[in-house]
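**Q** Before we start, here is the structure in question, set down as structure tokens.
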Amino acid sequence: MESETRLKQVMEILDQLSEDTSVPRNIRRGATDSKERLLRESDALDVRCASAIFILDELANDPNIPIHARTLIWNIISQLETIK
């Protein structure tokens, strides 16, 4: 139950990030892609989280990402790492 709540919070933050026009398009697209991975219920939850973390980690290392977006991504990754 707790992981579902945390997952919903992560989804909301990813929505905010994907709609933030101050963030480059590739970062917004990556946020949308990671949300789609998390929603893919045919995969196990840990696989979905790992896939999303992989995408988000790539985005956080992008040199063009604004600092506020990088911090958001790090927070999302931290949240996803706690989901079992």
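**Q** Of the residues Ser42, Ser22, Ser51, which exhibits the maximal mean-square fluctuation in a Gaussian network model of the chain defined by a 10 Å Cα contact cut-off?
**A** Fluctuation is largest for Ser42.
**Q** Between 0 and 90 degrees, rounded to the nearest ten: what's the tilt of helix 2-19 against the longest Cα principal axis of the chain?
**A** Helix 2-19 sits roughly 20 degrees off the main axis of the chain.
**Q** Hey, another quick one. Relative contact order of region 2-82: what whole-number percent is it, with Cα pairs under 8 angstrom and at least 6 residues apart? Numbers along the way, then the final one.
**A** Numbers: 70 pairs, mean separation 25.2, N = 81.
About 31 percent, as a whole number.
**Q** Still on this structure, please answer the following. Take the chain, connect every pair of alpha-carbon atoms lying under 10 Å apart with a spring to form a Gaussian network, then pick out the residue of Thr71, Thr32, Thr21 with the largest mean-square fluctuation.
**A** The residue that fluctuates most here is Thr21.
**Q** Just Arg25, Arg48, Arg37 to compare: in a GNM of the chain, with alpha carbon springs under 10 Å, which one fluctuates most?
**A** Ranking Arg25, Arg48, Arg37 by mean-square fluctuation puts Arg25 first.
**Q** At 222 nm, what helix-only mean residue ellipticity would the chain give, in deg cm²/dmol to the nearest 500, using -39500 (n - 2.57) for each DSSP H run of four or more?
**A** Numbers: 4 runs with 65 residues, N = 84.
Calculated from helices alone, the mean residue ellipticity at 222 nm is -25500 deg cm²/dmol.
**Q** How big is the dipole moment of the chain about its Cα centre under a simple scheme where the beta carbon of each Lys and Arg is +1, that of each Asp and Glu is -1, and everything else is neutral? Debye, nearest 20, please. Could you put the intermediate results ahead of the total?
**A** Values: 11 positive and 15 negative charges, 23 e Å.
Around 100 debye, computed over the chain.
**Q** When you have a sec, figure out the Kirkwood radius of the chain from all distinct Cα pair distances and drop it here in Å to one decimal?
**A** Roughly 12.5 Å, rounded to one decimal.
FYI, it's all coordinate maths here, none of it is from the lab. All values reported here derive from a predicted model rather than from experimental measurement. Positions of Cβ are backbone-derived with ideal geometry, glycine not excepted, and every protein chain shown enters the neighbour counts.
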